């Protein structure tokens, strides 16, 4: 089903979805450490670790990790440039693009709160959850629907350092949850969204919620809908600003109350197996 046709469906009138929050109670300024701390992937196979082969493998993994961190830092610089229209900087995991998840961008809707907006809110929210400072169903459900694991089985730090996360609306939507951003806020989110695609070059984008999905830009080109189990989503491509990169995108139900990760996980798996 084409994306513009989906906008006419009644599901697009849903205005009860919660948004990610950045309350002052839980925020800790760990963003830079989270993005720049080196990750050295040491083999766990005793035979591989034995002798020169193991040392060489460790050196290769460490070099790859440093190269990935340099790429992330370069992306940060581009997103922070004065010409950028991005306000809330995306979270980019240390191992983004280097795991079986590929270059996966999870797209949230907006921030809410009464504090003075901070460009690092998104990064701080993810860091606080990944490090165990706080718990929230929204973040837990994201991990479960992508990994297919129970919440107690998920290695939070490993998972969140494998993906990127970004909120589409680049303004504070409202003082509290369950309040929708205005249509103007959604419209202003289009340009920074394409900037993020152009810099991070995700292969796959999972949009969270029908309300957000129905207000995102039209696809650069449609693809066949994705179906798995009893769930289905239309699917399409978003092109980078220079036209040199395409990202596949689908939507899932907003992962708040009433969301079942088990119901949506097969669709996510099917989607991640597709090539742009």
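The values are calculated or read from the model by the stated rules, or taken from the named source; none is laboratory data. Bear in mind the structure is a predicted one, so any value in this text is a computation, not a measurement. Note: ideal-geometry Cβ built from the backbone for every residue, glycine included; neighbour counts use all protein chains shown.
Things to note:
- Flag for residue 229 being in contact with a helix residue (DSSP H, G or I) (Cβ under 6 Å, 6 or more places away or on another chain) and at pLDDT below 95: yes
- For the range 138-160, the count of residues that are modelled with pLDDT under 95, surrounded by 15 or more Cβ atoms within 10 Å (Cβ to Cβ) and out of contact with any helix residue (DSSP H, G or I) (no Cβ under 7 Å at 6 or more places or on another chain) is zero.
- Qualifying residue in the range 250-270 (condition: in contact (Cβ under 8 Å) with a residue 12 or more places away in the chain, part of a strand (DSSP E or B), within 18 Å of residue 201 (Cβ to Cβ) and touching a strand residue (DSSP E or B) at 6+ places or on another chain (Cβ under 8 Å)): yes
- Meeting the requirement of 2 or more residues that are under 17 Å from the mean Cα position of the chain (by Cα) and touching a residue at least 40 places away in the same chain (Cβ under 8 Å), the helices (runs of 4 or more DSSP H) wholly within the range 168-231 are 190-200, 210-213.
- Residue list for the range 243-261, restricted to those being at pLDDT 95 or above and touching a helix residue (DSSP H, G or I) at 6+ places or on another chain (Cβ under 8 Å): 245, 247, 248, 250, 251, 252, 253, 254, 255, 259, 261
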